[in-house]
Structures are given as C-alpha cells and as structure tokens.
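Beneath this line is the structure, given in structure tokens, with notes to follow.
The values are calculated or read from the model by the stated rules, or taken from the named source; none is laboratory data. Bear in mind the structure is a predicted one, so any value in this text is a computation, not a measurement. Please note: Cβ atoms are built from the backbone with ideal geometry, for glycine as well, and neighbour counts cover all protein chains shown. The accessibility values were calculated without ligands, DNA or RNA, using every heavy atom of the protein model including side chains. Shrake-Rupley method; radii C 1.70, N 1.55, O 1.52, S 1.80 Å.
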Amino acid sequence: MIQSVARAAVILGVLGSGTSRLGVTEIAARVGLAKPTVHGLLRTLVEHDLVTQDPASGKYSLGAGVLQLGNAYLDGSDLRARSLHWAQDLAFRANEAVWVATLSGTRVIVLHHVFRPDNTVQILEVGAAIPWHACALGHAIVAYLPAEDAARVLTAERSALTGRTKTSRAALAQTLARVRRRGYAVEDQEATVGDAGIAAPVLTSLGTVAGAIALTGPADRLLDPDAKDDLARAVTETALAVSRDLGAAG
C-alpha cells in the first residue's frame, strides 16, 4: 500500500462523510495525522480539483473532480446500464419509485432512481449512501455475499437511524436468513420514519451479487397486506430479469 495515497483516500472519505466544510485541524483530528502532513495532502488534492478550499473560511470540501469521477463510475456501471429499462418497467408496473444500488463498504450507493410515475414532487437520490443494515437494498445484497464478506460487514459498527433500525448482530443474522428463504428483503421504517422498501438481489454471470433493485415509498402503501405480495413478486421478477441480462443463470 502506498501510504500517501491511502492517507489522501482517508481525507476524501472524511470530507465526504456529511459535514459541509472542515478545517485542517478538524481533518487532522479525524484522520489521526499531523496538521502539516494533512495540509500538504490537501494542497495536492486541491491542485487536482478533488478538494476545494473556501477563500473566506479557509475550510475544505470535496471538489468538482469528485463529481466527474462519480459520473464516470455511473457511466461504467454494468448494473446500472442493464437495469435502466427494467427499473422503468417496474416503476410503471408497481406505480412506485425504484432504486438500483450496490454495496460500498458498509453502505449502499444508489446508482439509478426512477421516480414514482405521478405528478408528486420527488428528489433524485442517485449517489445517496445508506447504511446497509437500515435498508432493504442492503439486506438483499449482504444476504447473498460470500460468508467471509458478510461476516466482515456484520462486524462493523452500526447505529440506529430510527426506532425500528436493527443493529444487533443476532437480529440482522435472522433478517438475512429470512431474505435468503424468501428471495427478497423488506424494510419497514428502518432508515426513515414513514418509508419502506422491498428489494431483491441482482446476480452476475459468476453467481455473485452485483447489487439490488428495490421499490421504495410510504410504508402504508408498500406494506399494505393487499399489495405487499404482488409488489414483492414484481421486484423479484425484475431482479431476475436484470440478473439474466448480466449473464446469470436461471
């Protein structure tokens, strides 16, 4: 591992953690490095447009170059490309919003978002990062990871986002086992109060999990006993279709 690259990556991670701007002292404290070292790394990142410095406060935030890298990642994602048509069909079939996501560390990253096909005001969530343990997308993905990878994810620290978020290893293990039995995951207000999700895994030609596709929306609509089974069937059928497009058997 090249130390300077690793340190720069950690700094980018800190700047992308949610705080809008941070000073050198704050960044140094979070990454555990000396201020001169952090300042030198920040100057290099600024030169490459990966970090920008506010002239008034002197504080730092992610630069436009990170957005360009993110867009390049989206453009190169086979999962996103193969799911575009199927996600649109699912949104119209279920009359709900659809998210396609992949796992990055302990969070799922939304790669594609199809709005609910109505006239309501909606916010594009592409790029959103959600703790895996708090959403159906994360449960659907982690349930199909190799045992060693799943164990590593389960050992990471977790915090509750709502009163319904599962954080204990035992509760999550039960949830993942249920996902494997049913073939889909259900989230009931675990990331956001009032919201729910139904997700199914998308597999590759090697049988590994590439990500997941989900219906997202109000819990009273998605989890309505008269609608839930049909919605789950629509999600699993769509996930299977995307998986086939990625070369998966079945």
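See the values below:
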quantity: At R0 = 25 Å, FRET efficiency that the Cβ-Cβ distance of SER61 and ASP188 yields, to 0.05; calculated: 0.10
quantity: Portion, in percent, of the accessible area of region 1-142 that falls on carbon or sulfur, probe 1.4 Å; calculated: 55 percent
quantity: Choice from GLY70, GLY211, GLY40 with maximal GNM fluctuation in the chain (Cα, 10 Å cutoff); calculated: GLY40
quantity: Mean projection area, nm², convex hull over Cα of region 1-148; calculated: 11.7 nm²
quantity: Cα principal axis extents for region 168-247, largest first, Å; calculated: 36, 29, 20
quantity: Mean Kyte hydropathy of 0.0 or more with a Cα span along the axis of at least 15 Å, helices from DSSP in the chain; calculated: 3-15, 35-47, 64-75
quantity: Per residue solvent-accessible surface (Å²) - the chain, probe of 1.4 Å; calculated: 52 Å²
quantity: Extension gain from THR120 to SER4, taking 0.36 nm per residue of separation minus the Cα-Cα distance; calculated: 37.0 nm
quantity: Rg over Rh, two decimals, the chain (C-alpha only, Kirkwood Rh); calculated: 1.01
quantity: CD proxy at 222 nm, helix term only [per DSSP H run n ≥ 4: -39500 (n - 2.57); per residue of the chain; nearest 500]; calculated: -14000 deg cm²/dmol
quantity: Cubic angstrom per residue, convex hull over Cα atoms of region 68-141; calculated: 101 Å³
quantity: Cα Rg, Dmax (largest Cα-Cα span) when computed across region 163-215, Å; calculated: 12.3, 38
